[in-house]
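Student: One structure follows; several queries about it will come next.
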Amino acid sequence: MADTLPRALSLAAASEVTGQLFMVSQSRRYNQQLFTLRAQARGLGAPGALVTEFFKAPRFGGFRERMVHPLLVDMAIHPFDAARFLLDAEPVSVYCEEFNPPWSWYDGDAAASAIFEMEGGSRFVYTGSWCSPGQETSWNGSWRLSAEHGTAVWDGEEAPVADAPDRAPEAVSGRFGDADADDGAVAPGEGIAGALVEFLDALEAGPGGTAPMGEVHQNIMSLAMVEAAVESASRGGRVRVDEVLDNAWRQALAIESRGDVRARLAAWPSVRAALTPPARV
């Protein structure tokens, strides 16, 4: 979307001013197994804790090995965005720690753990490493959801499995047919292809249609989770996401060169209110 959160906020305001659809392809959302896990989560009742582990050992070379925050900035937005999707909740705060194992081939911190408080009181816990050889997870990570009526697990590659001792299997199976597509249980396609399908559908529907996943206002919170995690790791303490959003808003007002976009930013009652629900529907 943008290289910084302030610029992302300016782009959201520009979308409002121009009336132009701006959608970001969060391609890893477009995964039928993730949609199945979300359907299972809905059948398990109130969420308690969502945990994902991501352990890989890629030797990219180039800029990633020179980055200050290679894991958080280059990769973590994907599970952060997936967590928002699975929990249907936005982040409230985060405590994050970064470190670099002594054998790491990265200049910056290649490992991190973060605990997000989400709306409704649930927790999303992320832990991962870019320099973890052996028994690697999938690129989607390994997931576990603990909820009111049971647990669902997903290895990121095979179909997720739900276990709800006090509920009928069909209530949390996550299995569905085409008739459920309008209920959000079926992905519109896989990866970038799915994002393109939804983008074209949104263009065809026009301004009165439903905003696609990744519409700029909807996507900003995923970027905000990254920024907040980096801020927490740098400070060594818990960070409120609204604090990060408000600071970014002030910076956006200071650097925005277009008067109409700056005026729209200034008119927002708050950043969170401007982002949810999205201004373009």
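The values are calculated or read from the model by the stated rules, or taken from the named source; none is laboratory data. This structure is a prediction, so every number in the text was calculated from the model and none was measured. Please note: Cβ atoms are built from the backbone with ideal geometry, for glycine as well, and neighbour counts cover all protein chains shown. Accessible surface areas use protein heavy atoms only, side chains included; no ligands, DNA or RNA. Shrake-Rupley method; radii C 1.70, N 1.55, O 1.52, S 1.80 Å.
Student: Wrap a convex hull around the Cα atoms of the range 51-128, take a quarter of its surface area, and give that in square nanometres.
Tutor: Average projection, Cα convex hull of the range 51-128: 5.0 nm².
Student: When the scattering of the range 219-272 is computed by the Debye formula from its Cα atoms alone, each counted once and equally, what is log10 I(q)/I(0) at q = 0.24 Å⁻¹?
Tutor: Cα-only, vacuum Debye calculation for the range 219-272: -0.93.
Student: Here is a further query. Mind putting a number on the dipole of the range 3-90 about its Cα centre? Charges go on the C-beta only, +1 for Lys and Arg and -1 for Asp and Glu, and I need it in Debye to the nearest 20.
Tutor: 280
Student: Sorting check: for 222-229, 71-78, which peptide has the highest mean count of neighbouring beta carbons within 10 Å, and how do the rest follow? Don't skip to the answer; put the middle values down first.
Tutor: Numbers: 222-229: 25.8, 71-78: 21.2.
With the highest mean Cβ count within 10 Å placed first, the list reads 222-229, 71-78.
Student: Provide the gained length on full extension for the span residue 266 to residue 157, in nm with one decimal, where the gain is 0.36 nm per separating residue minus the Cα-Cα distance. Each step should come with its number before you reach the end.
Tutor: Numbers: separation 109, 0.36 × 109 = 39.24 nm, distance 4.44 nm.
Working it through step by step, the gained length comes to 34.8 nm.
Student: With n ≥ 4 as the cut-off for DSSP H runs, can you work out [θ] at 222 nm for the chain, using -39500 (n - 2.57) per run divided by the number of residues, rounded to the nearest 500? Write out the running numbers ahead of the final one.
Tutor: Working: 9 runs with 106 residues, N = 281.
Calculated mean residue ellipticity at 222 nm is -11500 deg cm²/dmol.
Student: Then there's this: Carbon-plus-sulfur fraction of the accessible area of the chain, 1.4 Å probe, in percent? Before the final figure, lay out each step's value.
Tutor: On the way: 6760 of 12970 Å².
On the chain, the fraction of accessible area on carbon and sulfur atoms equals 52 percent.
Student: Gain in length, residue 200 to residue 247, computed as 0.36 nm per residue apart minus the alpha-carbon separation, to one decimal in nm? It would help to have the intermediate numbers written out before the result.
Tutor: Working: separation 47, 0.36 × 47 = 16.92 nm, distance 3.41 nm.
Length gained, residue 200 through residue 247: 13.5 nm.
Student: What order, most packed first, do the peptides 120-128, 107-115 have when packing is the mean number of other Cβ atoms within 10 Å of each residue? Provide the component values of the computation, followed by the final result.
Tutor: Details: 120-128: 18.0, 107-115: 21.0.
So the order, starting with the most tightly packed, is 107-115, 120-128.
Student: Using only Cα atoms, figure out Rg for the chain and give it as a multiple of 2.2 N^0.38 Å. Write down the numbers at each step before the final one.
Tutor: Values: Rg = 19.1 Å, N = 281, 2.2 N^0.38 = 18.7 Å.
With N residues counted in the chain, Rg over 2.2 N^0.38 Å equals 1.02.
Student: Show me 242-252, 60-70 ranked by packing, highest mean number of other Cβ atoms within 10 Å first.
Tutor: Working: 242-252: 18.4, 60-70: 14.8.
Ranking, from highest mean packing down: 242-252, 60-70.
Student: Let me ask another. Indicate, rounded to the nearest 5 percent, the antiparallel portion of the DSSP beta bridges found entirely in the chain. Working shown, then result.
Tutor: On the way: 32 of 39 bridges.
In the chain, DSSP labels about 80 percent of beta bridges as antiparallel.
Student: What FRET efficiency, computed as 1/(1 + (r/R0)^6) with R0 = 41 Å and r the Cβ-Cβ distance, is obtained for residue 123 and residue 63, rounded to the nearest 0.05? Before the final figure, lay out each step's value.
Tutor: Details: r = 33 Å, r/R0 = 0.79.
Here the calculated transfer efficiency is 0.80.
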